[in-house]
Amino acid sequence: MNNYDIEYRKLEHLIVCEHCNVEYKKGTLLNNVELVHNGVSKSSLDDLDTSIELFGKKLDAPIIVAGITGGHAVAKEVNKNIAIAVEEMNLGMGLGSQRAAIAKKGLEDTYSVVRDYTSSLVIGNLGAVNFTKDNWNYETVKKAVDIIDADAMAIHFNPLQEAIQPEGDTDFRNLDYLSDVIKDYKKYFGNMPFIAKQVGEGFCQKDGLYLNKLGFDAIDVGGSGGTSWSAVEYYRVKDYEHKKLSEKYLEWGIPTAASILDVRKSFSKPLIATGGIRSGIDIAKSLALGANCCGIALPVLKAAMKSPEEVIKLFESLIKELKITMFLTGCNNINELNSARYIINGELKNWIN
C-alpha cells in the first residue's frame, strides 16, 4: 500500500462514519444490566465526585474520547475540536492509528495539533500487526509518542477489520514480539503505560491472560455494540465480493458488557470500556461491571465534525446523566460506583465480590 492510499483511507473512514449507519444492531448488552436503585439515596446531587485518576492524570469524569482519527487534513480539524473540548472539560482523548504519520512525512500535524489545545491525558495509537509486518520496534513507539507528547500508548488489535479490508494485514502469529517492544521502550525511554485496545469486536478472558503476560498496563475492551468496522468497510469498498464478505460479519464480536465481565476475570489492572457507550447510564453500568473508565468515539466524531462547542455539549449531557445515576444508586464517588450492585439475568451481583 502506498502512502497516498493510507491518507485517502483515513478520509473515507471519516465520511462513512459521519454519513452511514455503521452501528451494530445487536447492542452492547448493557440494556440487560440494571443498577440497583437506592430509594433513600443518602447522597447530594450537587456534591457528587465524578473525578478519577488515569495514567497519572486527574480527569473530572471517567470519560475519554476513544481513538478516532488522524492522517488527513479533515482529521486535523476533528482532532483540534476534540482537544478544545477535552481541555475545557478536563477529560482524556485517544488518537486514531498513527501509522499514517509513521509512513508519510507531513501528516504529523494532523495528530500533534491536539497539543496546541490541551494538556490533558492524550493516548497514542499504533497497530499490533504492524510491529511484525513493518518491523516496528520501541523506537517506532518513541516516534509516535513524541509526535503528540503522549501520556500513554494504545496498541490496537483488529483482526476482523484487517481480514475484510482489501488492503488488510492478516498475519497475527508473532505478537509475542510486543513483550520485547514494551520492555525495551520502558528500559530506554521511561515507564509509560501501554494499553491493549480492541476496535469493536471485544476481548475475552483468554485474551486478558495473554495481554497481561505481554506486559500491558491496561486493556480497552472495545466491545461490539457501537461502530462496526465491518459496516464501515461495507460502505467504503467498491468491490462486490468484498461487500458480500463484510456483510457476513456486520454483527460479529463480543458485546461490550460481556467483554468487561469476561476480561475482568483474568485482568486486574485498569480496564477501559468502549463500544456503544451512548449515555451516562451506560458509563455507570460499565463501571459497576468492573471498568475504570469509558471511551466514546462515534458520537464525539459527529459532534466534532461541527464544532468544539457541540463536543462540549455532548460531554455535559453525559456527565449530567452519570451524576443522576450515581445519585439514584446512592454513590457519592466513582469508587462507590465501582462497587455498586446490579441485576443481570435475574441475579443480584457486585463484581468485586
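Screening Ser119 with (1) assigned to a loop (DSSP other than H, G, I, E, B); (2) modelled with pLDDT of 95 or more; (3) open to solvent by less than 20 Å² (accessible area, probe 1.4 Å) gives one miss only, at (3).
Of the conditions (1) more than 18 Å from Gly215 (Cβ to Cβ); (2) modelled with pLDDT of 95 or more; (3) surrounded by fewer than 24 Cβ atoms within 10 Å (Cβ to Cβ), Ala103 satisfies every one except a single condition; which number is it? Tallying (1) more than 18 Å from Gly215 (Cβ to Cβ); (2) modelled with pLDDT of 95 or more; (3) surrounded by fewer than 24 Cβ atoms within 10 Å (Cβ to Cβ), Ala103 fails exactly one: (2). Counting just the residues of the stretch 122-156 that are touching a residue at least 12 places away in the same chain (Cβ under 8 Å), assigned to a helix (DSSP H, G or I) and charged (D, E, K, R), which one comes out least open to solvent (accessible area, probe 1.4 Å)? The residue in question is Lys142. Annotation: Pro308 fulfils all but one of (1) surrounded by 21 or more Cβ atoms within 10 Å (Cβ to Cβ); (2) closer than 23 Å to Val114 by Cα; (3) not hydrophobic (A, V, I, L, M, F, W, C); the unmet one is (1). The listed residues are Glu53, Glu77, and the only one of them that is surrounded by fewer than 21 Cβ atoms within 10 Å (Cβ to Cβ), of a type in the set (Asp, Glu) and part of a strand (DSSP E or B) turns out to be Glu53.
Looking only at the stretch 184-225, residues that are assigned to a loop (DSSP other than H, G, I, E, B) and either over 22 Å from Leu54 (Cβ atoms) or touching a Ser or Thr at 6+ places or on another chain (Cβ under 7 Å) (or both) come to 10 in all. Is at least one residue of the stretch 26-44 within 30 Å of Lys238 (Cα to Cα), touching a Leu at 6+ places or on another chain (Cβ under 6 Å), in a loop (DSSP other than H, G, I, E, B) and open to solvent by 10 Å² or more (accessible area, probe 1.4 Å)? No, there is no match, as no residue in the stretch 26-44 is within 30 Å of Lys238 (Cα to Cα), touching a Leu at 6+ places or on another chain (Cβ under 6 Å), in a loop (DSSP other than H, G, I, E, B) and open to solvent by 10 Å² or more (accessible area, probe 1.4 Å).
Results for (1) open to solvent by 10 Å² or more (accessible area, probe 1.4 Å); (2) among the aliphatic types (A, V, I, L, M); (3) under 15 Å from Ala258 (Cα atoms); (4) at pLDDT below 95, shown as yes or no for each residue.
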| position | (1), (2), (3), (4) |
| --- | --- |
| Asp282 | yes, no, yes, no |
| Cys293 | no, no, no, no |
| Ile312 | yes, yes, no, no |
| Phe315 | no, no, no, no |
| Ile319 | yes, yes, no, no |
| Gly330 | yes, no, no, no |
| Asn333 | yes, no, no, no |
| Lys349 | yes, no, yes, yes |
| Asn353 | yes, no, no, yes |
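Part of a loop (DSSP other than H, G, I, E, B), within 30 Å of Lys143 (Cα to Cα) and either in contact with a strand residue (DSSP E or B) (Cβ under 6 Å, 6 or more places away or on another chain) or open to solvent by less than 10 Å² (accessible area, probe 1.4 Å) (or both): does that describe Gly253? So Gly253 does not fit the description; no.
Results for (1) touching a His at 6+ places or on another chain (Cβ under 8 Å); (2) of a type outside the set (A, V, I, L, M, F, W, C); (3) modelled with pLDDT of 95 or more; (4) over 17 Å from Phe157 (Cα atoms), shown as yes or no for each residue.
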residue	(1), (2), (3), (4)
Ile182	no, no, yes, no
Lys186	no, yes, yes, yes
Phe189	no, no, yes, yes
Pro193	no, yes, yes, no
Asp207	no, yes, yes, no
Leu211	no, no, yes, no
Ala218	no, no, yes, no
Thr227	no, yes, no, no
Glu241	no, yes, no, yes
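The values are calculated or read from the model by the stated rules, or taken from the named source; none is laboratory data. Here the structure is a predicted model, which is why all the values come from computation and not from measurement. Cβ sites come from the backbone with ideal geometry, for glycine too, and all protein chains shown count toward neighbours. Note: areas computed on protein heavy atoms with side chains; ligands, DNA, RNA excluded. Shrake-Rupley method; radii C 1.70, N 1.55, O 1.52, S 1.80 Å.
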